[in-house]
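**Student:** Here it is, the structure, as structure tokens.
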Amino acid sequence: MRTINVAVLGLGTVGQGVVKVLREHEAVWPQKCGARIEVKKALEKYPDRPLDIEFPADAIVSDWKEVVDDPEIDVVVEVIGGIEPARTFILDALKHGKNVATANKDLLAVHGQEILNAAEAAGKDFFFEASVGGAIPIIGPLRQSLIASDIQHIIGIVNGTTNYILTRMASEGVRFDDALKDAQALGYAEVDPTADVDGIDAARKVAIMATLAFHSKVTLKDVYMEGIKEITPEDIKFAAKMGYAVKLLGICREEDQQIEARVHPALIPSDHPLASVNHTFNAIFVKGDAVDETMFYGRGAGRMPTASAIAGDVVEISRNILADCCGRIKSSSRGSAKAIRTIANVNTKFFLRMVLEDKPGVLAQVSKVFGEKEVSIAMVLQTNRDGDGAELVVITHKVREGNLWDALHVIEKMPITKKIITVLRVEGEE
Ligand code: HSE
């Protein structure tokens with residue numbers, strides 16, 4: 001029976017997880033894919049780093065040549081992360097006839113098309129299931145199981161750190177800073193939490209999903225991004241009163257040959273399946289023409305869940321090697337660059353909180369401006385702020401975002417307006 005030999009680039013948390021999961025299931029690989037699968041080598045920049053797993057010292061190398069020039073290596077698993085040297089290693093591996101599996105969203109969100117093209121030119125497999133949603137199958141479905149549908153939109157909770165923070169803020173009324181500190185203490189958030197809380201991590205995943213879903217190149221710079229730092233427990237409380245949860249959403253949509261790709265906090269109806277995705281869990285809701293609505297749920301991060309997705313790719317590659325059909329899933333985005341819709345041209349509903357003077361005619365003045373800019377109001381809640389004016393909480397009907405801001409710029413300058421507190425988009429309902 002053939003042995004498929006794997007080299008793991010990077011023996012960090014996830015790299016060791018891949019070794020662990022491949023070893024723990026070694027007895028079943030022959031049955032599941034018709035070959036033995038062995039991790040033959042690991043490339044590690046710091047060969048003396050303490051490991052949680054047993055790994056033969058003579059199989060840990062620090063020179064890339066020892067991997068790429070080894071004719072026995074069939075599959076390279078890249079879990080170094082970041083752009084370089086990961087990009088160079090992957091391109092070089094493909095050129096040398098290796099198949100590649102990676103979890104590297106940073107790289108894919110910027111250089112994905114280049115690598116897909118290189119894999120196609122080499123006739124090799126390049127799989128990246130773990131790059132979006134950790135353990136959750138979403139790349140495979142977008143490239144295979146859902147390929148018969150035209151995808152209309154994807155709405156995802158694709159960052160566990162921010163979902164944990166928002167869950168704590170909603171369930172306990174704690175403020176962002178305190179929830180973040182707890183997330184850091186629990187190891188969910190990094191010491192520098194910028195990539196998570198500012199939406200950059202989620203935006204990378206949106207770029208990858210949009211490219212696959214709409215068969216057109218979408219990169220990180222195409223994704224509009226807002227984080228969750230400004231969200232307050234009061235926003236979440238008022239949203240709940242109106243029947244919504246607040247989540248950091250990654251959204252991509254194709255309409256009229258234009259692609260929307262955006263990440264921002266948004267309200268979502270409490271009865272939408274995404275509203276009950278809490279703590280560090282991720283979920284991705286996909287709507288297509290034939291398939292209708294589907295949702296994929298699970299662990300978006302962590303050693304073993306991420307390793308599960310990568311090892312799944314290794315098994316799939318092993319099957320293709322045995323059947324001599326590597327490289328059969330080609331890039332569907334090459335040569336196509338649909339226009340990206342600017343955020344001002346996106347049509348969506350809005351949730352607004354503003355403090356106005358509490359006197360006759362105020363509501364009429366605000367409504368007049370909304371009317372002039374074609375902003376239609378769907379729901380209004382007014383509360384008294386104990387002598388500090390009246391707080392108006394509004395949900396609009398769908399409106400072009402540029403029109404909404406035109407109205408708000410007029411309203412914020414009116415003498416009756418004390419403050420516009422919050423402007424959030426509302427997603428998940430037509
Ligand atoms: N930092 C990410 C998260 C996991 O919090 O979900 C890796 O993308």
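The values are calculated or read from the model by the stated rules, or taken from the named source; none is laboratory data. Please read all numbers here as calculations on a predicted model, not as lab measurements. As a convention, Cβ positions derive from the backbone with ideal geometry for all residues, glycine included, and neighbour counts pool all protein chains shown. Accessible surface is based on the protein model in full, side chains and every heavy atom, while ligands, DNA and RNA are left aside. Shrake-Rupley method; radii C 1.70, N 1.55, O 1.52, S 1.80 Å.
**Student:** Using alpha-carbon positions, what is the distance between the centroids of segment 117-176 and segment 351-411, in Å?
**Tutor:** 36 Å
**Student:** Under the definition of Cα pairs under 8 Å and six or more residues apart, what whole-number percent is the relative contact order of segment 165-296?
**Tutor:** Rounded, it is 21 percent for segment 165-296.
**Student:** Please build a GNM for the chain, connecting alpha carbons under 10 Å apart, and tell me which residue among GLU234, GLU391, GLU54 fluctuates the most.
**Tutor:** Judging by the Gaussian network model, the answer is GLU54.
**Student:** Additional query: Positive end of the dipole of segment 10-82, charges at C-beta (+1 Lys, Arg; -1 Asp, Glu), about the Cα centre: which of VAL75, TRP64, CYS33 has its Cα farthest in that direction?
**Tutor:** CYS33
**Student:** Oh, and also: Counting pairs of alpha carbon atoms under 8 Å apart in space and at least six apart in sequence, what relative contact order in percent does the chain give?
**Tutor:** 17 percent
**Student:** Another question, then. Between LYS229 and MET414, what is the label-point separation in nm under the 7 Å Cα-to-beta-carbon projection?
**Tutor:** Distance between the two pseudo-spin positions: 3.1 nm.
**Student:** Also: Keeping the other protein chains in place, figure out the carbon and sulfur percent of the accessible area of segment 303-430, with a 1.4 Å probe.
**Tutor:** Details: 3010 of 6060 Å².
Taking all protein chains in place, segment 303-430 shows 50 percent carbon and sulfur surface.
**Student:** Something else: Provide HIS279, HIS272 ordered by accessible surface of protein heavy atoms (probe 1.4 Å), highest first.
**Tutor:** Ranking HIS279, HIS272 by accessible area, largest first, yields HIS279, HIS272.
**Student:** Per DSSP H run of n ≥ 4, the term is -39500 (n - 2.57); total these for the chain, divide by its residue number, and report the mean residue ellipticity at 222 nm rounded to 500 deg cm²/dmol.
**Tutor:** -10000 deg cm²/dmol
**Student:** Between ARG334 and ASN384, how high is the FRET efficiency from 1/(1 + (r/R0)^6) when r is the Cβ-Cβ distance and R₀ = 51 Å? Nearest 0.05.
**Tutor:** On the way: r = 59 Å, r/R0 = 1.16.
Plugging the Cβ-Cβ distance into 1/(1 + (r/R0)^6) gives 0.30.
**Student:** Using a simple spin-label model with points 7 Å from Cα along the Cα→Cβ vector, what separation in nm is obtained for ASP52 and THR13?
**Tutor:** The two pseudo-label positions are separated by 0.9 nm.
**Student:** A follow-up question, please. Using a 10 Å cut-off on Cβ atoms, rank the peptides 111-119, 280-288 from the highest mean neighbour count down.
**Tutor:** Working: 111-119: 20.4, 280-288: 22.0.
Listed from highest to lowest mean packing, they are 280-288, 111-119.
**Student:** Where only protein heavy atoms count, and the probe is 1.4 Å, what is the accessible area per residue for the chain in Å²?
**Tutor:** So the chain comes to 42 Å² accessible per residue, rounded to a whole number.
**Student:** Also, quick follow-up: Leaving out ligands, DNA and RNA, what percent of the accessible area of segment 8-167 is carbon and sulfur, probe 1.4 Å? All intermediate terms of the calculation are to be shown ahead of the outcome.
**Tutor:** Details: 3130 of 6220 Å².
For segment 8-167, the apolar C and S fraction of the accessible surface comes to 50 percent.
**Student:** Also: Could the peptides 6-14, 254-262, 360-368 be put in order, highest first, of the mean number of other beta-carbon atoms found within 10 Å of their residues?
**Tutor:** The most tightly packed comes first, giving 6-14, 254-262, 360-368.
**Student:** Explain nothing, just the number: dipole magnitude of segment 98-145 about its Cα centre with +1 on each Lys and Arg Cβ and -1 on each Asp and Glu Cβ, in debye rounded to the nearest 20.
**Tutor:** 80 debye
**Student:** Still on this model: Mean separation of Cα pairs under 8 Å and 6+ residues apart, divided by the residue count of segment 258-391: what relative contact order is that in percent?
**Tutor:** Numbers: 76 pairs, mean separation 29.4, N = 134.
Across segment 258-391, relative contact order equals 22 percent.
**Student:** Please work out how much length the chain gains when fully extended from GLU429 to ASP70, using 0.36 nm per residue of separation minus the C-alpha to C-alpha distance, in nm with one decimal.
**Tutor:** In short, 123.9 nm is gained.
**Student:** If you don't mind, another one. Output the antiparallel fraction of DSSP beta bridges having both residues in the chain, as a percent to the nearest 5.
**Tutor:** 65 percent
**Student:** Still on this model: Mind scanning LYS237/LYS368; LYS359/LYS418; LYS349/LYS373; LYS359/LYS398; LYS65/LYS98 and naming the pairs with a C-alpha gap bigger than 19 Å? Intermediate results must be reported in sequence, preceding the final value.
**Tutor:** Values: LYS237/LYS368 28 Å; LYS359/LYS418 13 Å; LYS349/LYS373 14 Å; LYS359/LYS398 29 Å; LYS65/LYS98 13 Å.
Table pairs above 19 Å Cα-Cα are LYS237/LYS368; LYS359/LYS398.
**Student:** Determine the gain in length on full extension of the stretch ASP192-LYS359; use 0.36 nm per residue of separation and subtract their C-alpha separation, reporting nm with one decimal.
**Tutor:** 55.5 nm
**Student:** With charges set only on the Cβ (+1 for Lys and Arg, -1 for Asp and Glu), what does the dipole of the chain come to about its Cα centre, in debye to the nearest 20?
**Tutor:** Here the chain has a charge dipole of around 520 debye.
**Student:** Further question on the same structure: Based on the Cβ-Cβ distance of ASP271 and ALA121, what FRET efficiency does E = 1/(1 + (r/R0)^6) give at R0 = 41 Å, to the nearest 0.05?
**Tutor:** Between ASP271 and ALA121 the formula returns 0.30.
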